[in-house]
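The values are calculated or read from the model by the stated rules, or taken from the named source; none is laboratory data. Model, not experiment: these values are computed from the prediction. Ideal geometry is used to build each Cβ from the backbone, glycine not excepted, and the neighbour counts take in all protein chains shown.
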Amino acid sequence: MLSISPTDRMFILCGAGVSAESGIPTFRGVGGLWRNYRIEDVASPDAWRRDPRLVWEFYSMRRKVASAAKPNPAHFALAKLERILGDRLFLCTQNVDNLHEQAGSKRVIHMHGELFKSRCDTCHRPPFDDANLYEPPTEIPRCPCGGQIRPHICWFGEVPFALNQIYAALDDCAIFMAVGTSGVVEPAASFVAYVHGQARTLYVGPEHPANVSSFTECHLGNAGEVLPRLLGL
Ligand code: NAD
């Protein structure tokens, strides 16, 4: 079991693997979610300019899949950990679903955005809650300013959200744990190297990530089984 001293700050980085046991396919896994789409056609600013209907078709499909999903024991263990550590836990997810919140986590940083939010592609109106499906032949929704409403997602080629807050939390952490992330998507893949020499670094997932050499410990297995045991929750 992981021992956390009363002053330790902990940074947890989650990836698609945390939601895999809830039935949301990972990006690189064999699940059907991404199979019918080329990522460059649906998840980049170019794709949005070229064919916003196809982009909304893809995100509407992901909204449907995520709406049917329920949190698994990994999400519940992390929510319990937050109740124990309070603001000494910094939970940073690359996932865009809301399963951490459904499990009871209150402070989740969604560095790649949120599936159930949308925003205007033109004006600075803040992102807003939106669970609608915009599938063809539905028109692309419009903002009162005339801009098009897009998913509140960090696409490939865009800058992730909350990076200042994230690097401040990395600077402060004594324990860094990555869960269910392949260690390929930047900048998240480099967080573990950033805290090298400062923090104890652990990985949880069924296989070694691409950046395994940067971790001091690897706990192989599914997040829903390993995390509750490792955290003693
Ligand atoms: P990835 O698909 O590249 O890698 C998933 C990782 O999860 C793999 O290393 C795999 O071994 C591991 N994994 C599979 N089953 C697991 C389990 N039961 N427990 C723990 N780990 C498990 O995912 P990534 O590294 O997060 O990067 C992909 C990008 O795709 C991210 O930017 C993310 O935003 C996006 N994405 C999000 C969701 C979601 O919101 N749920 C789903 C798919 C992809």
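Mind listing whichever residues of the range 97-123 are part of a loop (DSSP other than H, G, I, E, B) and within 13 Å of the ligand (Cβ to nearest atom)? Break it down into steps so the answer makes sense when it comes.
Narrowing the range 97-123 to residues part of a loop (DSSP other than H, G, I, E, B): 97-98, 104-107, 111-112, 121-123.
The answer is ASP97, ASN98, MET111, HIS112.
If you take the residues of the range 210-233 that are more than 20 Å from LEU85 (Cα to Cα) and among the charged types (D, E, K, R), which of them is surrounded by the fewest Cβ atoms within 10 Å (Cβ to Cβ)?
GLU217
Within the range 49-76, work out how many residues are within 30 Å of ASP8 (Cβ to Cβ) and within 12 Å of the ligand (Cβ to nearest atom).
Step one: list which residues in the range 49-76 are within 30 Å of ASP8 (Cβ to Cβ), which gives 71-76.
Retained after the next criterion (residues that are within 12 Å of the ligand (Cβ to nearest atom)): 71-75.
Looking only at that region, the number is 5.
I'd like to know if the range 133-147 contains one or more residues that are on the phi > 0 side of the Ramachandran plot and assigned by TED's automatic domain parsing to the domain that holds HIS75. Let's see the steps before the verdict.
Our first condition is that a residue be on the phi > 0 side of the Ramachandran plot; within the range 133-147, this holds for 146.
After this cut, where a residue has to be assigned by TED's automatic domain parsing to the domain that holds HIS75 as well, the list is none.
No, the range 133-147 contains no residue that is on the phi > 0 side of the Ramachandran plot and assigned by TED's automatic domain parsing to the domain that holds HIS75.
Yes/no matrix, rows are residues, columns are (1) touching a Pro at 6+ places or on another chain (Cβ under 8 Å); (2) surrounded by fewer than 21 Cβ atoms within 10 Å (Cβ to Cβ):
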site	(1), (2)
ALA20	no, no
ILE39	no, yes
PRO45	no, yes
ARG50	no, yes
TRP56	yes, no
ALA69	no, yes
LEU78	no, no
LEU81	no, no
ASP87	no, yes
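Would you please list the contacts, defined by Cβ atoms under 7 Å and residues six or more apart or on different chains, that run from a residue in the range 73-91 that is under 13 Å from GLY232 (Cα atoms) and assigned to a helix (DSSP H, G or I) to a residue that is modelled with pLDDT under 95 and not charged (D, E, K, R)?
Between residues of the range 73-91 that are under 13 Å from GLY232 (Cα atoms) and assigned to a helix (DSSP H, G or I) and residues that are modelled with pLDDT under 95 and not charged (D, E, K, R), the close pairs are ALA77/LEU233; LYS80/LEU233; LEU81/LEU233.
Return only the number of the condition from (1) of a type in the set (S, T, N, Q); (2) away from the ligand (no atom under 11 Å from the Cβ); (3) in contact with a helix residue (DSSP H, G or I) (Cβ under 6 Å, 6 or more places away or on another chain) that SER19 does not satisfy.
With (1) of a type in the set (S, T, N, Q); (2) away from the ligand (no atom under 11 Å from the Cβ); (3) in contact with a helix residue (DSSP H, G or I) (Cβ under 6 Å, 6 or more places away or on another chain) applied to SER19, the lone miss is (2).
Return the residues of the range 157-209 that are in a loop (DSSP other than H, G, I, E, B), more than 12 Å from the ligand (Cβ to nearest atom) and either within 16 Å of LEU231 (Cβ to Cβ) or in contact with a strand residue (DSSP E or B) (Cβ under 7 Å, 6 or more places away or on another chain) (or both); say none if nothing qualifies. Don't jump to the end; show me each part of the working.
To start, the set of residues in the range 157-209 that are in a loop (DSSP other than H, G, I, E, B) comprises 157-162, 173-174, 180-187, 195-199, 206-209.
Subset that is more than 12 Å from the ligand (Cβ to nearest atom): 157, 159, 162, 173-174, 195-199.
Passing the criteria: ALA162, CYS173, ALA174, VAL195, ALA199.
Just one of the numbered conditions (1) touching a Leu at 6+ places or on another chain (Cβ under 7 Å); (2) on the phi > 0 side of the Ramachandran plot is not true of ASP97; which one?
(2)
So which residues in the range 137-156 are under 20 Å from the mean Cα position of the chain (by Cα) and outside any loop (DSSP other than H, G, I, E, B), if there are any at all?
Passing the criteria: ARG150, PRO151, HIS152, ILE153.
Spot the failing condition for TYR134; the list is (1) out of contact with any Pro (no Cβ under 8 Å at 6 or more places or on another chain); (2) in a loop (DSSP other than H, G, I, E, B), and only one is missed.
(1)
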